[in-house]
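Participant: I'd like to ask some things about the structure below.
The values are calculated or read from the model by the stated rules, or taken from the named source; none is laboratory data. Quick caveat, the model's predicted, so the values are computed rather than measured. A quick note on method: Cβ atoms are made from the backbone with ideal geometry, for glycine too, and the neighbour counts reach across all protein chains shown. Calculation scope for accessible area: heavy atoms of the full protein, side chains included, ligands and nucleic acids excluded. Shrake-Rupley method; radii C 1.70, N 1.55, O 1.52, S 1.80 Å.
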Amino acid sequence: MGGFSFRGGAQQLPTQKTLKMDAMRSVFDLAHSNVKSFVQSEDVHVFVLIMFAFLGAITYLSYWVPKLIVSFMPTQNLKKKYKGAKWALVTGASSGIGKSLAKELAEQGLNVVLVSLKETILDETFEELKKQHPEREFRKIGVNLGLRDGSYLREIEEKTKDIDVQVVFNNAGFMLTGFF
């Protein structure tokens, strides 16, 4: 195949390109035979199982290790962190994460402005927090944070103009994005 060829009885030396092609063909044949014998052996099954177990362990640990680390960290006291903070504003405060944030802020000694849709659940959350934390002040503002015109901002501004809000949790709303 590569190597020497005879033409009319004269011997031609192989070119550098022919030698490279022969070397590449030899390496490919060797690799192919090794891969073929590996795939046909039972070792490949063990290897695949070990790789899946390894990937599973990495996935499992990448989820639980950060959670474990965070569970040992102390909760930030925002009243201490923002010295002199008296008021916090939480959007989406009538239920779920926003409600939990409002409770935590009240427990840390902050007065809370609850901003959410004007629904009965906002009134219920407002009354619940007032009963749980009678030493704190609460304000409720029922607005639709999904309005594109931003008209809800005027109502929030009007109902908070006499207080100094220093901590804000934007837990709900609508935002337009685009190029910077």
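Participant: Can you name the helices (runs of 4 or more DSSP H) wholly within the stretch 19-138 that have at least 2 residues being under 30 Å from SER151 (Cβ atoms) and open to solvent by 50 Å² or more (accessible area, probe 1.4 Å)? Please lay out each step first, then the result.
Facilitator: On the way: elements: 43-71, 78-81, 96-107, 120-132.
Helices (runs of 4 or more DSSP H) meeting the threshold: 96-107, 120-132.
Participant: Which one is modelled with the highest pLDDT, of the residues in the stretch 136-152 that are out of contact with any helix residue (DSSP H, G or I) (no Cβ under 7 Å at 6 or more places or on another chain) and within 16 Å of VAL90 (Cβ to Cβ)?
Facilitator: Pass one, the stretch 136-152, residues out of contact with any helix residue (DSSP H, G or I) (no Cβ under 7 Å at 6 or more places or on another chain): 137, 146-152.
Restricting the remaining residues to those that are within 16 Å of VAL90 (Cβ to Cβ) gives 137, 152.
Numbers: GLU137: 96, TYR152: 89.
Filtering first and then ranking leaves GLU137.
Participant: Separate question: Would it be correct to say that VAL168 is exposed (fewer than 14 other Cβ atoms within 10 Å of the Cβ) and part of a strand (DSSP E or B)? Quick ask: steps written out before the conclusion?
Facilitator: Values: exposed (fewer than 14 other Cβ atoms within 10 Å of the Cβ): yes; part of a strand (DSSP E or B): yes.
It is true that VAL168 is exposed (fewer than 14 other Cβ atoms within 10 Å of the Cβ) and part of a strand (DSSP E or B).
Participant: Regarding the stretch 119-133, can at least one residue be identified that is more than 23 Å from THR75 (Cβ to Cβ) and in contact with a Ser or Thr (Cβ under 6 Å, 6 or more places away or on another chain)?
Facilitator: Yes, there is a match, as at least one residue in the stretch 119-133 is more than 23 Å from THR75 (Cβ to Cβ) and in contact with a Ser or Thr (Cβ under 6 Å, 6 or more places away or on another chain).
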